[in-house]
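Engineer: Have a look at this one before I ask anything.
Since every read-out is calculated from the coordinates, none of them should be taken as a lab result. The structure presented is a predicted model; accordingly, all values stated were derived computationally and were not measured. Note: ideal-geometry Cβ built from the backbone for every residue, glycine included; neighbour counts use all protein chains shown.
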Amino acid sequence: MRLFNCACHAQGFMAQAVFAPADGAGAPPLPPASGGAVPASVLDDLAAASRILAQQGVFDAFGHISIRHPTNPKRFLMSRSLAPALVTADDIMEFDLDCEACEARGRSGFLERFIHGEIYKLRADVNCVVHSHSPSVVPFSLVGAPMRAMYHNAAFLAQGVPVFDISEKFGATDMLVGNHAKGAELARVLADKPVALMRAHGSVAVGPSLQHGVFRAIYTEVNARLQIQAATLTGAFGGSIAALSAEEGALADAVNLNVVSRPWELWKERALKG
Ligand code: MN
């Protein structure tokens, strides 16, 4: 077991006791308490997932994946701000759902960690969040063409893929989900779906486990490529795209939910070989 010992928590308490005014005004807020020890294998898998998504072309120098704390649903685990292919278990930080670090130790979290915290607040069924700028997906955030499920591996997309346009509520911005309000609005648009696109930015994929989150992020990227190819063919030769129906998607996704460990083992083996 690798422990998140909250030494800084204890130190913060002592500092407050020594330096805070008698009425407590002006005292620095204490960091949130850790949700408890996390098995080393969980941290290793989260680091591996970050490397997998980089190797599979979902992440580049940017992108991040998190998991909900395995025993405390009000905490989540996520790398410090770092290129995803470089993440190791030692880079994993713990946050509360307001995205405050339990034990920063000088490390900085990702600017867009609010995507993760706000989705965990809204979605009790979600235990993994992936945010990427996965390149084939971005065009679907721009042109108003709905992303549809092209094949059974991407069956989860048959539930519908909403698009979060940050300008609708926040006007002209830097496009980043860098605060609670923007994260909450993205989570609202995602609603009960597994994937949402983010206009002129990227996408978010969620799942009930780390393996499902990785699976969905990868197959969202692959599906986007297939849909662009299918649209090219229908543009050249006519006809329409016979995507999965909602019913077919539900049936196929039920199968996928039980087989994600097979691609996971393959991707992990390749990613850890570098
Ligand atoms: Mn981003």
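Engineer: Each residue of the stretch 211-228 in order: what ³J(HN,Hα) in whole Hz does its phi give by Karplus 6.51 cos²θ - 1.76 cosθ + 1.60, θ = phi - 60°, with x for Gly and Pro?
Structural biologist: 5, 5, x, 5, 4, 5, 5, 5, 6, 5, 5, 5, 4, 4, 4, 5, 5, 5
Engineer: Now a separate question. If you rank F237, F156, F164 by fewest surrounding Cβ atoms within 10 Å, what's the result?
Structural biologist: Values: F237 7, F156 27, F164 23.
Listing F237, F156, F164 from fewest to most nearby Cβ atoms yields F237, F164, F156.
Engineer: Using amide H atoms built 1.01 Å from N in the peptide plane, name the residues 5+ places from R75, or on other chains, whose amide H lies under 5 Å from its own.
Structural biologist: Excluding prolines and chain starts, which carry no amide H, the hits are H69.
Engineer: Here's something else I'd like to know. For the chain, what does the alpha-carbon gyration tensor say about shape, rounded, prolate or oblate, given a ≥ b ≥ c as the root eigenvalues, a/c under 1.5 as rounded, and a/b over b/c as prolate? Write down the numbers at each step before the final one.
Structural biologist: Values: a/c = 2.38, a/b = 1.74, b/c = 1.37.
The shape class here is prolate.
Engineer: Shifting gears a bit: What's log10 of I(q)/I(0) for the stretch 114-155 at q = 0.17, 0.25, 0.32, 0.34 Å⁻¹, Debye sum over Cα points only, no solvent?
Structural biologist: At q = 0.17, 0.25, 0.32, 0.34 Å⁻¹ the computed log10 ratios are -0.72, -0.98, -0.97, -1.01.
Engineer: Okay, moving on. Collect residues whose amide H, placed 1.01 Å from N in the peptide plane, falls under 5 Å from the amide H of C102; neighbours closer than 5 in sequence don't count.
Structural biologist: Long-range HN contacts for C102: E94, F95, D96.
Engineer: Short version: ³J(HN,Hα) in whole Hz for each residue of the stretch 34-41, in order, from phi by Karplus 6.51 cos²θ - 1.76 cosθ + 1.60 (θ = phi - 60°), x for Gly and Pro, what are they?
Structural biologist: Listing the rounded values in order: 5, x, x, 5, 10, x, 4, 5 Hz.
Engineer: I've got another one for you. Quick one: order H116, H69, H133 by neighbouring beta-carbon count within 10 Å, fewest to most. Display every interim value, and only then the final one.
Structural biologist: Numbers: H116 32, H69 23, H133 16.
In order of increasing Cβ crowding within 10 Å: H133, H69, H116.
Engineer: Amide H of G109: which non-local residues (sequence gap of 5 or more, or other chain) have their own amide H closer than 5 Å, using H built in the peptide plane?
Structural biologist: S81
Engineer: Between the stretch 126-166 and the stretch 230-247, what's the alpha-carbon centroid distance in Å?
Structural biologist: Using only Cα atoms to place each centre, the spacing works out to 17 Å.
Engineer: Taking a threshold of 25 Å on the Cα-Cα distance, which of the pairs K121/K169; K193/K273; K121/K182; K74/K273; K121/K273; K74/K193 fall above it?
Structural biologist: In this structure, K193/K273; K74/K273; K121/K273 exceed 25 Å between Cα atoms.
Engineer: Show me, for the stretch 172-188, the HN-Hα J-couplings you get by feeding each phi into the Karplus relation (A = 6.51, B = -1.76, C = 1.60, θ = phi - 60°), rounded to Hz, glycine and proline as x.
Structural biologist: Computed from phi, the couplings for the stretch 172-188 are 6, 9, 7, 6, 8, 8, x, 8, 4, 4, 6, x, 5, 5, 4, 4, 5 Hz.
Engineer: Mind putting a number on the dipole of the chain about its Cα centre? Charges go on the C-beta only, +1 for Lys and Arg and -1 for Asp and Glu, and I need it in Debye to the nearest 20.
Structural biologist: Numbers: 23 positive and 25 negative charges, 64 e Å.
Charge dipole of the chain: 300 debye, to the nearest 20.
Engineer: Per residue of the chain, what 222 nm ellipticity follows from adding -39500 (n - 2.57) for every DSSP H run with n ≥ 4, rounded to the nearest 500?
Structural biologist: Mean residue ellipticity, 222 nm, calculated: -12500 deg cm²/dmol.
Engineer: At a threshold of 8 angstrom on Cα-Cα distance, excluding pairs fewer than six apart, so keeping six or more, what relative contact order does the stretch 33-273 reach in percent?
Structural biologist: On the way: 455 pairs, mean separation 52.8, N = 241.
That works out to 22 percent.
Engineer: Could you state the angle between the C-alpha long axis of helix 7-19 and the longest principal axis of the C-alpha atoms of the chain, as a value from 0 to 90 degrees rounded to the nearest 10?
Structural biologist: With both axes taken from Cα atoms, the answer is about 50 degrees.
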